[in-house]
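Encoded as structure tokens, the structure appears first; notes follow it.
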Amino acid sequence: MAPTTLLLPDWLIPVEPDQAVLAGHGIAVRDGRIADIAPHAVLRDRHPGAAERPLAGCALLPGFVNLHTHAAMSLLRGAGDDLPLMAWLQERIWPLERKLMSADFVYDGSVLAFAEMLAGGTTCCADMYFHPEEVARAALSMGIRAAVGGTVFEISGAPPAEQMLAQALAAHEKYRGEPGLRFMLAPHAPYTVGDDMLRHLAAVAEEADLTIAIHLHETRQEVEEAVAMHGMRPAERLAHLGLLSPRLVAVHGVHLDADDIALLASHGVSLAHCPASNLKLASGLAPVARLLEAGVNLGIGTDGAASNNRLDMLSELRLAALLAKGASGDARALPAHRALHAATLGGAKALGWDDRIGSVAVGKYADLVAIRLDSARLAPVFDPVSHVVYAAGREDVEEVWIDGRTVAKKLQLTNSPSKSDLERIMSRISQWRLRAAGVISGTNTYLSQE
Ligand SMILES: CSC[C@H]1O[C@@H](n2cnc3c(O)ncnc32)[C@H](O)[C@@H]1O
Ligand SMILES: [Zn+2]
């Protein structure tokens with residue numbers, strides 16, 4: 001029989017089936033899966049000879065699922081701050097992407113991003129970017145579980161949308177059967193993709209059983225321009241084009257009225273809530289309390305490092321829980337356990353992966369994070385869930401496992417291919433910075449080429 005390891009934390013937070021915290025419980029891991037959950041003494045009894053990993057002072061919970069990111073944009077962190085969405089995209093980000101975009105850019109940026117995510121307890125992410133094959137290669141090298149979204153755009157300067165779709169499908173085909181990877185179609189937004197292509201993508205996704213992710217209702221301007229141009233709000237337009245279904249992940253959903261929310265809920269659409277990016281681009285505050293009340297499945301995402309500027313699910317989780325209260329005027333909105341559910345199982349469900357990840361349950365992959373709660377800055381612990389959501393930071397992440405294997409410990413990557421890949425890329429960082437500075441030169445003294 002395959003060797004068994006017992007992980008023995010002070011508190012186990014399974015996330016499902018209920019909100020219970022199991023004090024003094026641990027898990028047995030075998031063949032990369034959770035094989036047993038029980039009090040420490042019972043585990044030792046049932047699994048004699050198993051290796052033990054004591055985690056005194058720690059809470060053990062499912063790894064975070066970052067439901068929306070653009071990993072390679074880590075190379076553009078801080079290259080376009082303090083701008084609203086359309087100025088940020090049109091004046092900074094798209095010119096940079098137009099000049100720098102290549103397979104190397106995407107691979108290097110994705111490795112950097114995955115290193116940051118893993119160290120902070122994220123074990124799965126949903127990416128939307130160019131060169132999906134490179135994102136997939138980087139995810140495999142770093143050992144992170146990923147849903148890789150191939151971007152489809154219909155704007156001037158971008159490759160033909162058919163070509164982008166073909167790239168996404170080719171990546172899907174190439175990595176078919178990789179248990180750590182999934183593929184998505186990622187039309188950028190309703191304002192950059194036309195009706196025919198959106199309709200076509202809905203049909204392709206249905207045929208190939210793929211998730212679709214799309215930026216939706218991010219700004220007031222987006223909604224107003226859609227009404228002026230199409231006579232419909234963007235969500236309504238997507239409904240007409242056949243895109244609203246449980247396979248759709250709507251990203252942002254900041255400006256949603258009651259009819260939009262009812263439309264998303266009735267079609268089983270999931271929502272990726274990205275609070276830091278929405279704040280930084282001054283897009284607004286998503287109506288999280290009303291979305292949950294309507295029964296919309298909620299996940300949490302960081303968005304890319306160029307609009308966040310961190311890829312840190314613990315800080316995103318805290319922000320989501322705080323903002324839901326501030327936005328609704330109700331301190332009971334998005335309570336701690338509900339927020340943690342969104343950052344784990346909600347994200348997994350949106351990706352159709354909730355049978356494998358997102359909670360600590362027998363049979364699921366052992367994708368886990370241990371968070372140290374016994375440091376002076378966190379003592380005493382009344383409720384470990386409260387501490388994880390409201391008090392802990394990524395500096396408190398003790399250890400991270402994917403498929404039962406340690407991938408990061410005390411903020412350092414532990415597996416050698418990912419460590420050496422990261423070191424190689426770090427040596428190229430100044431070249432990427434110089435090339436980006438060349439595009440922006442003259443507009444920001446901190447980006448000068450010297
Ligand atoms: C289809 S994803 C790639 C594309 O999207 C751009 N992008 C990154 N963040 C956002 C956002 O919050 N709203 C809209 N577009 C965004 C990214 O720069 C790529 O061009
Ligand atoms: Zn985004």
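Read the figures in this text as sums done on the coordinates, not as results from a lab. The shown structure was predicted, so the numbers you read here are calculated from the model rather than taken from an experiment. Note that each Cβ is placed from the backbone with ideal geometry, even for glycine, and that neighbours are counted across all protein chains shown.
Please compute the modelled spin-label separation between Gln19 and Asp374, points set 7 Å along Cα→Cβ, answer in nm with one decimal.
Inter-label distance under the simple model: 2.7 nm.
Karplus couplings for the stretch 44-61 from phi (6.51 cos²θ - 1.76 cosθ + 1.60, θ = phi - 60°), rounded to Hz, Gly and Pro as x?
4, 5, 7, 10, x, x, 5, 5, 10, 10, x, 10, 4, x, 10, 9, 10, 8
Multiply the residue separation of Glu91 and Arg33 by 0.36 nm, subtract the distance between their alpha-carbon atoms, and state the gained length in nm to one decimal. Present the calculation step by step, with values, prior to reporting the outcome.
On the way: separation 58, 0.36 × 58 = 20.88 nm, distance 4.68 nm.
So the chain would gain 16.2 nm between Glu91 and Arg33.
As a test of the formula, what do you get for the chain when each DSSP H run with n ≥ 4 contributes -39,500 (n - 2.57) and the sum is divided by the residue count, at 222 nm and rounded to the nearest 500 deg cm²/dmol?
On the way: 16 runs with 159 residues, N = 450.
Theoretical 222 nm ellipticity from helices: -10500 deg cm²/dmol.
So what is the relative contact order for the stretch 64-350, in percent, with contacts set as C-alpha pairs under 8 Å and at least six apart? Intermediate results must be reported in sequence, preceding the final value.
Numbers: 592 pairs, mean separation 59.5, N = 287.
Computed over the stretch 64-350, the figure is 21 percent.
Along the charge dipole of the chain, which of Phe105, Gly157, Leu55 sits closest to the positive end, that is, farthest toward it, with unit charges on the beta carbon of Lys, Arg, Asp and Glu (+1, +1, -1, -1)?
After comparing all options, I get Leu55.
Which FRET efficiency value, to the nearest 0.05, is calculated for Arg220 and Ala56 with the Förster distance at 45 angstrom and r the Cβ-Cβ distance?
Values: r = 50 Å, r/R0 = 1.11.
Here the calculated transfer efficiency is 0.35.
Rank these for me by crowding, Glu133, Glu395, going from fewest to most other beta carbons within 10 Å. It would help to have the intermediate numbers written out before the result.
Numbers: Glu133 19, Glu395 13.
So the residues, fewest neighbours to most, are Glu395, Glu133.
Given charges of +1 on the Cβ of Lys and Arg and -1 on the Cβ of Asp and Glu, with all other atoms neutral, how large is the dipole of the stretch 64-350 about its Cα centre, in debye to the nearest 20? Walk me through the numbers before you get to the answer.
Details: 22 positive and 32 negative charges, 157 e Å.
With Lys and Arg at +1 and Asp and Glu at -1, about 760 debye.
Dividing the convex hull volume of the Cα atoms of the stretch 48-191 by its residue count, what figure in Å³ per residue is obtained?
Expressed per residue, the convex hull around the Cα atoms of the stretch 48-191 is 145 Å³.
Kirkwood Rh over alpha-carbon pairs of the chain, then Stokes-Einstein at 25 °C and 0.890 mPa s: what D in µm² s⁻¹, rounded to an integer? Before the final figure, lay out the partial values.
Working: Rh = 22.1 Å.
Roughly 111 µm²/s, to the nearest whole number.
When a footprinting reagent is the concern and you count Cβ atoms within 10 Å, what order do Val223, Val296, Val439 take, fewest first?
Val439, Val223, Val296
Fewest Cβ neighbours within 10 Å first, please rank Asp367, Asp104 accordingly.
Working: Asp367 31, Asp104 15.
The most exposed by this proxy come first: Asp104, Asp367.
Where does the stretch 313-450 land on the Kirkwood hydrodynamic radius, alpha-carbon pairs, in angstrom? Please list the in-between numbers first.
Numbers: mean 1/r = 0.0552 Å⁻¹.
Computed over the stretch 313-450, the radius equals 18.1 Å.
Using only the Cα atoms of the stretch 153-243, each taken as one equal point scatterer with no solvent, compute I(q) by the Debye sum, divide by I(0), and report log10 of the ratio at q = 0.13, 0.17 Å⁻¹.
-0.46, -0.75
Can you pull the one-decimal nm distance between simple spin-label points at Arg424 and Ala203, each 7 Å off the Cα toward Cβ?
4.2 nm
State the extension gain, in nm to one decimal, for the chain segment bounded by Val439 and Met1, taking 0.36 nm per residue of separation less the distance between their alpha-carbons. Intermediate values should be presented prior to the final figure.
On the way: separation 438, 0.36 × 438 = 157.68 nm, distance 5.72 nm.
Full extension of this stretch gives 152.0 nm more.
So, R0 is 35 Å and r is the distance between the beta-carbons of Leu140 and Asp196; what FRET efficiency does that work out to, to 0.05? Don't jump to the answer; show the numbers that get you there.
Values: r = 34 Å, r/R0 = 0.97.
The computed FRET efficiency comes out at 0.55.
Can you work out the FRET efficiency for the pair Arg98 and Ala262, with r the C-beta to C-beta distance and R0 = 41 Å, to the nearest 0.05? Don't jump to the answer; show the numbers that get you there.
Numbers: r = 39 Å, r/R0 = 0.95.
For Arg98 and Ala262, the calculated efficiency is 0.60.
Once the dipole of the chain is set up with Lys and Arg at +1 and Asp and Glu at -1 on Cβ about the Cα centre, which of Leu340, Gln431, Leu256 lies farthest towards its positive end?
With unit charges placed on the Cβ atoms, the residue in question is Gln431.
Two-decimal Rg/Rh of the stretch 19-108 from alpha-carbon positions, Kirkwood Rh?
For the stretch 19-108, the value is 1.28.
Tell me, which longest segment in the chain has none of the trypsin sites (Lys or Arg not before Pro) that fall in DSSP loops with at most 10 further Cβ atoms within 10 Å? Intermediate results must be reported in sequence, preceding the final value.
Values: sites that count: Arg176, Arg332, Arg377.
Counting only loop sites that pass the neighbour cut-off, the longest clear stretch is 1-175.
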